[in-house]
Each structure stands twice: as C-alpha cells, then as structure tokens.
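Peer 1: Dumping the structure here so I can ask a few things about it.
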Amino acid sequence: MIEPVLRGRVLFFVPTRSPRFALTVDDGPDPATTPALLDVLRRHGAHATFFLIGERAAAHPELVARIAREGHEIGNHTWRDRPTWRLGPDEFRDDLRATQRVLVTHGPVRWFRPGSGWPTARHVTVAEEEGLRCVLGSAVAIAGAGAGTATSAAWLAPVVRRGTVVVLHEGPRRSGVAATVDGLLERTARRGLAAVTLSALT
C-alpha cells in the first residue's frame, strides 16, 4: 500500500470541520467533456481542481483559460497519459517541467497527480523539489473508465464526507462524467456538502 509508505507526503484526505469536499477531475482538457463539465459546475456554484495533461493543455489553451477564468484550479498530471511509475527520475522531471510551463501561464499550479495513480517515493521527491505536492484521493469513480455511469452518483455520494478528495476522469470515451458530477453535486448538496478546489479545502 502506498499510504503507509508515503503518509504525510501524499494527500489522500483533508481533516476538516468545514462541510466541504474537494472535487478533482483528471486527464483533460478535452473538447468532448470539459465544456459540459464546466457548465455543470457553474450551474451548481461548485468548483473543482482539474489535473491536466500537458500535451492536451497545449493543444486546447482556450479550455485551460476557461477553467481558470471560472474559478477552478489547475493541477499537473504530467505531459502524456501514461503510468508515472514507469518513468525514470530525469524523464519524470522533464515531464513535470514541460507541463508546468504550459499550465502556469493560466495561474498558479501547486498540485501534482501521477498517471495511473501510483508514484514511487522518488517521484514524490522530484515533485516536491519542483514545488508540487502529490495528491491521490479517498473516493474514486471506477465505472465508466473512471468517469462514472448513470448510476455512479447514487453509490459515490454516500461515501463523500467532509474532507473527501473525489477523483473522476474526463475524455472522449468518458462522456458520462458531466452527468456523474451533476448527480453527485445534487446529492451532496442535500447533505449540506459543497464541492471546492483542493486549495480551498486545505
């Protein structure tokens, strides 16, 4: 398990008395899903942290600009969609830096999430040296390739509580993510919980 090894260095959950949780979305930006996601978040008055892939952010700067303009947070999800644990330290550092160069033109970036969810201790150290803290999560959608399905909000919402870090994914094969977020926000709002960015939660 990664948590006992990297406890304190990797953020999974935020202890808080505030009735809020962090909503995070990986693998964008993507024209197939990001605009609909942003529309849902705006309708609910909610905010999220988008962990963006560098090459996709470079290809769609207008979507990154909209994410930032509408009050959401941007995180580093490396340059390409591939498992971080397979990268050597130098290649990983280059990936992080290339992605940072694209993202920081839109605002501050303080969080990193590894590809495929598993960093090594060395990867976490490199990220820390680059001024980034590693974030995983405590409630992760696994259906619909991580985007959720029509029924995901019903089982995901009950496990969300104060300080939870929710992880969802977007992209061309994940068109259900906007509906998942819509249902999740409706259900958590009934319990008095608000979705915010990681920085707002911490």
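Peer 1: Decide, for the range 1-98, between rounded, prolate and oblate: order the square roots of the alpha carbon gyration tensor eigenvalues as a ≥ b ≥ c, take rounded if a/c falls under 1.5, and otherwise choose prolate if a/b is larger than b/c, else oblate.
Peer 2: Working: a/c = 2.57, a/b = 1.13, b/c = 2.27.
Oblate, since a/c reaches 1.5 and b/c is not below a/b.
Peer 1: Here's something else I'd like to know. Would you tally the net charge around Asp81, using a Cβ to Cβ cut-off of less than 10 Å, leaving Asp81 out, and scoring K and R as +1, D and E as -1?
Peer 2: Working: positive: Arg56, Arg80, Arg82; negative: Asp26, Asp27, Glu55.
Computed value for this residue: 0.
Peer 1: Counting alpha carbon pairs within less than 8 Å and at least 6 residues apart, what relative contact order, in whole percent, applies to the chain?
Peer 2: Working: 430 pairs, mean separation 66.8, N = 202.
It rounds to 33 percent for the chain.
Peer 1: Still on this structure: Calculated from DSSP H runs of 4 or more alone, at -39500 (n - 2.57) each and per residue, what is the 222 nm mean residue ellipticity of the chain, nearest 500? Write down the numbers at each step before the final one.
Peer 2: Numbers: 9 runs with 78 residues, N = 202.
It lands at -10500 deg cm²/dmol.
Peer 1: Let me ask another. Nearest 10 degrees, 0 to 90: what angle lies between the long axis of helix 34-44 and the longest principal axis of the chain (Cα atoms)?
Peer 2: 50 degrees
Peer 1: Could you do me a favour and compute the accessible area per residue for the chain, 1.4 Å probe, result in Å²?
Peer 2: Working: 8900 Å² over 202 residues.
Heavy-atom accessible area per residue stands at 44 Å².
Peer 1: Report, by chain and number, residues whose modeled amide H sits under 5 Å from the one on Ala141, excluding near sequence neighbours (fewer than 5 apart, same chain).
Peer 2: Val167
Peer 1: Please report how far the C-alpha centroid of the range 99-170 lies from that of the range 9-45, rounded to the nearest whole angstrom.
Peer 2: Centre-to-centre (Cα) distance: 9 Å.
Peer 1: Hey, another quick one. Compute, for the range 1-142, the length of the dipole vector about the Cα centre, with Cβ point charges of +1 (Lys, Arg) and -1 (Asp, Glu) only. Units Debye, rounded to 20. Let's see the in-between values first.
Peer 2: On the way: 19 positive and 17 negative charges, 87 e Å.
In total the dipole reaches around 420 debye.
The values are calculated or read from the model by the stated rules, or taken from the named source; none is laboratory data. A quick note: this is a predicted structure, and the numbers were derived from the prediction, not measured. When we count neighbours, we look across all protein chains shown, and the Cβ atoms used for this are built from the backbone with ideal geometry, even at glycine. Remember, those area values only see protein heavy atoms, side chains included, never the ligands or the DNA or RNA. Shrake-Rupley method; radii C 1.70, N 1.55, O 1.52, S 1.80 Å.
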